[in-house]
Structure formats: C-alpha cells, structure tokens
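Notes for the one structure printed next.
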Amino acid sequence: MKRRLLFTVDLDRDVNMQVEGCDAAGSIDRGQGASPRFSSSERGLELLLGLLDDIGMRATFFVEGRTSETFDCSGVKGHCVGFHGYDHEDLTRVRDVHGVMEKGFQAVSDNVSRPVCFRAPYMTADDRVMAELRALGIRHDSSAYADPGVQPYDVSGIVEHPVAKGKDGNGRTMAAYLWPMHEGRRPPEDYIVFARSQCDGDLVIATHTWHMVESRDSGLMDARRIDENIRSVREVLTGIADEGFTPSVITG
C-alpha cells in the first residue's frame with residue numbers, strides 16, 4: 001500500500017478558546033479581552049501558502065465559517081477545502097447542530113469554495129455531527145486520533161481520516177499535531193522519526209495557520225522566531241516526504 005502524507009491545516013480564529021456561557025469561541029486574552037482575533041491566522045495563512053507553493057505540496061484546509069467572512073481565504077482554492085464549524089463551536093454541546101453546520105458550510109461555500117471534507121472544532125464530533133455531514137453531502141472527516149497504522153475507516157457512511165497518534169522514538173505518547181513544535185517543546189525530527197516507524201497507509205498531520213506567528217504560551221512571535229517556525233514546518237514536510245510518503249490531500 002502506498003504511503004501518503006496528508007498535511008491538514010485548521011484555518012480559524014487566533015488561539016481559539018472556549019468562552020463560558022457561549023457557543024462561539026473567543027481568542028486567548030492578550031490584554032484586549034477574549035473577543036475573536038484573526039490577524040495571526042491571516043498572516044500565518046500567507047506564510048503557509050508561500051511555503052507550500054515553494055515546496056510544491058498541496059494541503060487540506062479546514063476553514064472556519066466566520067474566518068472565511070472576516071478576511072480573504074481564497075488562496076486555499078488550489079488546495080483541498082473543508083470546513084470547521086462556524087464560530088469554532090463544540091458541536092457536541094450546541095443545541096442547534098443543524099443550524100451551526102449549515103451556517104459554516106454555507107459561509108465557506110460562499111467565500112472560498114464548496115467544502116468536500118470536515119474537521120470538528122476541538123476534535124469533538126458525535127452521531128449528530130455525522131448525520132449533518134451526510135445531509136450536506138460530505139463524506140470525508142478528520143475529527144479523531146488513531147494509531148498511524150489505522151487506515152481511513154467508515155463511520156456510518158463517512159470516511160474518517162484520523163490524525164496520527166502513537167509513540168515517539170523515546171516511547172512517549174505523541175500526536176501528529178505540530179502544536180508542541182510551534183511551542184518549542186518538540187523538534188522537527190520527532191515527527192520525521194514518528195513517520196519513519198509507519199509501514200504503509202496514510203499519515204495525517206495537522207497544524208493551525210495562527211500558530212505560524214503566535215505562540216499560545218508566549219504570544220506574538222518576533223521575526224527570528226517566525227523564520228525558525230517556517231523552517232521547522234518545511235523540515236517536517238520535506239523530511240517525511242523523503243521517507244517515501246507521497247504528499248496528497250484527504251479527498252485525493
């Protein structure tokens with residue numbers, strides 16, 4: 001079986017956080033309150049698109065509805081486009097799942113292109129979410145974690161593409177989200193070694209656009225840190241490709 005690298009990107013509000021009493025997520029407070037911010041996501045998108053263009057790789061972007069209405073996300077049209085809720089809601093808790101899913105789907109359709117796949121905010125989905133995906137004609141989801149040896153599997157008519165989760169070279173649990181790398185807690189090599197241990201099938205890795213320029217722990221990055229961050233993502237993607245993985249997209 002061919003080994004594929006599926007690089008997935010959540011395109012949503014900056015450093016999203018749940019707000020008590022609200023379905024809609026905010027952004028972590030940097031001294032101006034917890035209202036949603038989008039500037040880091042917009043800048044990070046520009047940098048990621050430039051990197052992907054430079055290395056000749058397509059990605060799968062899960063676009064949040066509100067984000068698509070806030071700034072120009074049309075640059076992802078050459079990639080695989082999915083959606084990511086409307087206001088980064090925990091869909092397992094909202095009452096009107098149908099309304100939220102329809103609103104997010106329509107916003108991305110209107111402002112980018114018709115989504116062909118989905119990732120649930122906070123990676124939390126349930127039977128109601130899956131039913132709404134089927135109603136919208138979406139047949140591909142990436143809202144779960146699984147051992148990298150687990151291939152895409154069926155969930156009530158939806159093909160689930162889990163983000164890889166397993167052990168690193170030192171036997172510690174890790175997921176293929178690049179979050180720890182962006183926060184300075186894992187080097188790029190950890191993800192390459194993780195990929196090397198997979199025999200065949202798909203390897204789904206993930207990140208956020210905002211994480212290219214903003215750390216959850218330490219705030220906005222300076223130019224040196226941003227350049228280092230870009231180099232690290234490049235190293236992960238090209239390093240995994242050099243291990244024999246063919247870059248692809250979720251519906252490719």
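Considering just Cα atoms, how many Å³ per residue does the convex hull of the range 50-173 enclose?
It is 127 Å³ per residue.
Using the Kyte-Doolittle scale, find the helices of the chain whose mean hydropathy is at least -1.0 and whose Cα atoms extend 27 Å or more along the helix's long axis, counting only whole DSSP H runs. TM-like helix candidates: 223-242. Exposed loop sites are taken as trypsin sites (Lys or Arg not before Pro) in a DSSP loop (any state but H, G, I, E or B) with at most 12 other beta carbon atoms within 10 Å; the longest stretch of the chain without one runs 3-92. Straight-distance candidates among the lysines for linking to residue 167, with alpha-carbon spacing under 29 Å and chain neighbours fewer than 8 residues away dropped: 2. I'd like the distance between the alpha-carbon centres of the range 120-136 and the range 231-251, rounded to an integer number of Å. Distance between centres, Cα-based: 28 Å.
Helix-only arithmetic for the chain: the sum of -39500 (n - 2.57) across DSSP H runs with n ≥ 4, divided by the residue total, places the mean residue ellipticity at 222 nm at -10000 deg cm²/dmol. Neighbour counts of C-beta atoms inside 10 Å place 178, 51 in the sequence 51, 178, starting with the fewest.
Ordered by the number of other Cβ atoms lying within 10 Å of each residue's own Cβ, fewest first, 191, 153 fall into the sequence 153, 191. Taking Cα centre as origin and charging only the Cβ of basic (Lys, Arg, +1) and acidic (Asp, Glu, -1) residues, the dipole magnitude of the chain rounds to 400 debye. Over all pairs of different C-alpha atoms in the range 4-248, the reciprocal of the mean inverse distance, the Kirkwood hydrodynamic radius, equals 18.1 Å.
Every read-out reported here was derived from the displayed coordinates using simple, explicitly stated rules and does not represent laboratory data. Remember, predicted model here, so these are calculated numbers, not experimental data. Please note: Cβ atoms are built from the backbone with ideal geometry, for glycine as well, and neighbour counts cover all protein chains shown.
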